[in-house]
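Take a look at the structure below.
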Amino acid sequence: MRRRWWSLAAAALLASVALVAPASPALAAPTFKVPFPCGQSWSGQTRSDHSPAYAIDFNRTDDLGDPVVASAPGTVDRVTDLGGTSYGKYVRIDHGGGYTTYYAHLNGFNVSVGQTVGYGKVIGWVGSTGGSTGPHLHYEQRLNGNDIQVRFNGALALYWGTKSYSSDNACSGGTASGTVNTAGADLTVRSGPGTGYSAVGSVADGASVTIYCQTTGTTVTGTYGTSSIWDRIGSGRFISDAYVYTGYDGWIPNVPRC
Ligand SMILES: [Zn+2]
């Protein structure tokens, strides 16, 4: 009885939500990190005459050849050398949901097209290739191909001006970041990997979570399809991976099984 009542109530709620919600809500943005190894500080400059306008140019002392790392998990979809023009040697990473990042003027490449990368993966090295007059990293975030204002850990970069950015990219080895996407409702946190475990809290739609390990449990159909994977986001705290954007369809590389 209770279950039936809940089903009806949930159906009514969904129906009413559907009236006001967009037909295809945008996927939550990945949690982007500064594209340099953990602990490093880089000077990032934005300027309105930059092309594209919201790109950031990163520098630090003697930066030629310094490693550049993936700012979020994803799949490398371009490793391109434009020669002496434009980006020169650049990498693009597809993070899903329409989000991509660009890393330009590289000295060399450390990834290939189709490769899956996680936080902190070295993708290449700072250079001065293409239409560059000195070593720096030209970095962009795009949504559906359009240049967007850069955010790190959800915080907007400085527009316009120069600011020091400190990297926390892959500082916690073996963990990953995810973004909860329920398209509205809070997501219930369970004491174990399944809907039969007791509710021990909730996380809001759009919240960032740290995933310490993954395991199998109850099969759940959520925003990202049907999955039996559950993510441990704290001690005795599990959420269904079907509602978490991680950049991966399933198991996250380098994150241990619980
Ligand atoms: Zn630039």
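Would you list which lysines come within 21 Å of Lys163, measuring only between C-alpha atoms, while excluding same-chain residues fewer than 8 positions from it?
Lys33
Using a Cα-Cα cut-off of under 21 Å, which lysines could be cross-linked to Lys89, ignoring same-chain neighbours fewer than 8 residues away?
Those lysines meeting the cut-off are Lys121.
Over what distance in Å are the Cα centres of the stretch 69-96 and the stretch 106-158 separated?
Rounded to whole Å, the Cα centres lie 6 Å apart.
Of the listed peptides 33-40, 50-57, what is their order by residue-averaged count of other C-beta atoms within 10 Å, with the highest listed first?
On the way: 33-40: 19.8, 50-57: 16.9.
By packing density, highest mean first, the sequence is 33-40, 50-57.
Per residue, how much accessible surface does the stretch 179-220 expose to a 1.4 Å probe? Answer in Å², no decimals.
Values: 1840 Å² over 42 residues.
Ligands and nucleic acids excluded, the figure is 44 Å² per residue.
Between Tyr197, Tyr90, Tyr102, which gets the highest mean-square fluctuation from a Gaussian network model of the chain, Cα cutoff 10 Å?
Tyr197
Compare Tyr224, Tyr243, Tyr119 in a GNM of the chain, Cα atoms joined below 10 Å, and give the one with the largest fluctuation.
Checking each option, the largest mean-square fluctuation is seen for Tyr224.
When the accessible area of the stretch 93-141 is computed with all protein chains present and a 1.4 Å probe, what percentage of it is carbon and sulfur? Provide the component values of the computation, followed by the final result.
Details: 710 of 1500 Å².
Percent of accessible area from carbon and sulfur atoms in the stretch 93-141: 47.
Please report the relative contact order for the stretch 125-186, taking Cα pairs under 8 Å with a sequence separation of at least 6, and give it as a percent rounded to a whole number. Write out the running numbers ahead of the final one.
Values: 24 pairs, mean separation 7.8, N = 62.
Relative contact order comes out at 12 percent.
The values are calculated or read from the model by the stated rules, or taken from the named source; none is laboratory data. Given the structure is predicted, the values throughout are model-derived calculations rather than measurements. Ideal geometry is used to build each Cβ from the backbone, glycine not excepted, and the neighbour counts take in all protein chains shown. All accessible areas refer to the heavy atoms of the entire protein, side chains included, with ligands and DNA or RNA removed. Shrake-Rupley method; radii C 1.70, N 1.55, O 1.52, S 1.80 Å.
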